[in-house]
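Enquirer: Mind having a look at this structure? Questions to follow.
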Amino acid sequence: MRCPYCAKTADRVIDSRETKDGATVRRRRECEECKRRFTTYERVEDSLPLVVKKDGRREPFDRAKIIAGLRRACEKRPVPASTIDRVADNIERKVIDIGEKEVESAVIGEEVMVALQKLDEVAYVRFASVYRSFRSVNDFMKELQDLLADKEKR
């Protein structure tokens, strides 16, 4: 493992623990060179499907893109980073559980929307405004009205 601080590859594992869901091992490491500590996560590599974009392009599933979208939506909101990671894990697991070699990007986007709606309404509306390409204030208001109607049903 390359040290993120000095880029040397000599390190030692100080502590290893399974995460709560048991799907990942968290390791604390110390660089032999600069003596700084860092954390790595180890998980089983699943064969992830290709994502079929709206324009027909195909690209490998990228968990980092989901996390980036969630972080953007949750910026300046009271949502811990650990919760964002958990949501990304759940979405990744759902994509794997579909069991297909290809998954439409819309399926992933809708999973993100569902998760954000439960997590933080402001983050949900932020994500929806980009994901659904709101073109006017009326589009925005319609989404807010739908959100309020869903909330009243619960």
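Each value in this text was obtained by applying a stated rule to the coordinates, not by laboratory testing. Keep in mind it's a predicted model, so treat the numbers as computed, not measured. Counting neighbours? That spans all protein chains shown, and the Cβs are built from the backbone with ideal geometry, glycine included.
Enquirer: Looking only at region 121-143, how many residues end up being loosely packed, with under 13 Cβ neighbours inside 10 Å and of a type in the set (A, V, I, L, M)?
Expert: Matching residues across region 121-143 total 3.
Enquirer: Please determine, by comparing only the residues of region 16-26 that are outside any loop (DSSP other than H, G, I, E, B) and within 21 Å of the chain's Cα centre (by Cα), which one is surrounded by the fewest Cβ atoms within 10 Å (Cβ to Cβ).
Expert: Glu18
Enquirer: Can you go through Ser129, Ser82 and tell me which one is hydroxyl-bearing (Ser, Thr, Tyr), part of a helix (DSSP H, G or I) and touching a helix residue (DSSP H, G or I) at 6+ places or on another chain (Cβ under 7 Å)?
Expert: On inspection, the qualifying residue turns out to be Ser129.
Enquirer: (1) touching a helix residue (DSSP H, G or I) at 6+ places or on another chain (Cβ under 9 Å); (2) without any contact (Cβ under 8 Å) to a residue 12 or more places away in the chain; (3) not in a loop (DSSP other than H, G, I, E, B): which one isn't true of Met141, the others all being true?
Expert: Unmet for Met141, out of (1) touching a helix residue (DSSP H, G or I) at 6+ places or on another chain (Cβ under 9 Å); (2) without any contact (Cβ under 8 Å) to a residue 12 or more places away in the chain; (3) not in a loop (DSSP other than H, G, I, E, B): (1).
Enquirer: Can you tell me which residue in region 49-79 is farthest from Asp120 (Cα to Cα), limited to those that are among the aliphatic types (A, V, I, L, M) and assigned to a helix (DSSP H, G or I)?
Expert: Ala64
Enquirer: Would you mind telling me which numbered condition in (1) under 30 Å from Lys20 (Cβ atoms); (2) outside any helix (DSSP H, G or I) Asp150 fails?
Expert: (2)
Enquirer: Would a scan of region 64-78 turn up a residue that is surrounded by 12 or more Cβ atoms within 10 Å (Cβ to Cβ) and within 17 Å of Val44 (Cα to Cα)?
Expert: no
Enquirer: Further question: How many of the residues making up region 64-117 are under 21 Å from Ser133 (Cα atoms) and basic (Lys, Arg)?
Expert: Residues that pass the stated criteria total 3.
Enquirer: State all residues of region 30-47 that are under 30 Å from Asp97 (Cα atoms), in contact (Cβ under 8 Å) with a residue 24 or more places away in the chain and not in a loop (DSSP other than H, G, I, E, B); if no residue qualifies, say none.
Expert: Thr40
Per-residue answers, yes or no, for (1) closer than 17 Å to Ser105 by Cα; (2) over 16 Å from the mean Cα position of the chain (by Cα); (3) touching a residue at least 12 places away in the same chain (Cβ under 8 Å):
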site	(1), (2), (3)
Cys6	no, yes, yes
Asp11	no, yes, yes
Ile14	no, yes, yes
Arg28	no, yes, yes
Leu50	yes, yes, yes
Arg58	yes, yes, yes
Arg71	no, no, yes
Asp89	yes, no, yes
Glu92	yes, no, yes
